[in-house]
């Protein structure tokens with residue numbers, strides 16, 4: 001069956017104002033650099049146990065927000081978006097400490113066992129409970145296996 005209308009010999013695409021594209025005129029890129037040079041997903045079987053990284057990232061994030069640790073120390077383990085979001089929070093928390101006249105101090109807290117789920121292969125989502133002297137916080141993390149290692153693509157401190 002032809003795509004052309006019987007009376008006019010015009011295809012339905014031409015009626016809608018879209019000129020037909022001949023297969024010989026379609027140019028497919030031969031080389032897509034992201035396929036070779038971008039981040040390569042890694043399956044869960046080729047990745048280490050995520051629990052130590054989840055605990056250490058949680059500890060580092062809490063200390064970074066308290067001003068006791070530099071954000072650059074975890075730059076290798078977090079995504080660009082996570083880094084930018086944490087940088088905003090660091091600036092806000094340092095301004096709040098300055099307004100109150102409080103110096104940056106190492107917080108004392110205990111970290112609970114991470115609750116880990118795996119929504120798909122190579123992705124881990126976890127919640128870690130952090131108990132401090134005055135309050136309890138939850139840190140939600142998402143790790144993705146990229147380039148044969150874990151990388152945090154989302155961190156939220158609640």
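Each reported figure results from applying straightforward, stated rules to the coordinates on display, with no laboratory input. If you're wondering where the values come from, they're calculated on a predicted model, not measured in any experiment. Cβ sites come from the backbone with ideal geometry, for glycine too, and all protein chains shown count toward neighbours.
Within region 128-158, name every residue whose backbone N is under 20 Å away from a label modeled 7 Å from Cα of residue 94 along the Cβ vector.
Residues 157 qualify, since their backbone N sits under 20 Å from the label point.
Please compute the length gained on full extension between residue 121 and residue 56, using 0.36 nm multiplied by the number of residues separating them and subtracting their Cα-Cα distance. Display every interim value, and only then the final one.
Values: separation 65, 0.36 × 65 = 23.40 nm, distance 2.23 nm.
Working it through step by step, the gained length comes to 21.2 nm.
At a 10 Å Cβ-Cβ cut-off, how would you order 143, 53, fewest neighbours first? Please report the intermediate quantities before stating the final value.
Numbers: 143 26, 53 21.
Ranked by crowding around the Cβ, least crowded first: 53, 143.
Going by C-beta contacts inside 10 Å, put 72, 125 in order with the fewest on the left. Intermediate values should be presented prior to the final figure.
Details: 72 10, 125 18.
By the 10 Å Cβ count, ascending, the order reads 72, 125.
Using the basic label-point model (7 angstrom from Cα toward the beta carbon), what is the residue 148 to residue 111 distance in nanometres?
Distance between the two pseudo-spin positions: 2.5 nm.
From a point 7 Å beyond the Cα of residue 129 in the direction of its Cβ, which residues of region 100-116 have a backbone N at a distance under 18 Å?
Flagged as within label range: 109-116.
Relative to the present Cα-Cα distance, how much length would full extension add between residue 140 and residue 83 at 0.36 nm per residue of separation? Intermediate values should be presented prior to the final figure.
Values: separation 57, 0.36 × 57 = 20.52 nm, distance 1.49 nm.
Using 0.36 nm per residue and subtracting the Cα-Cα distance, I get 19.0 nm.
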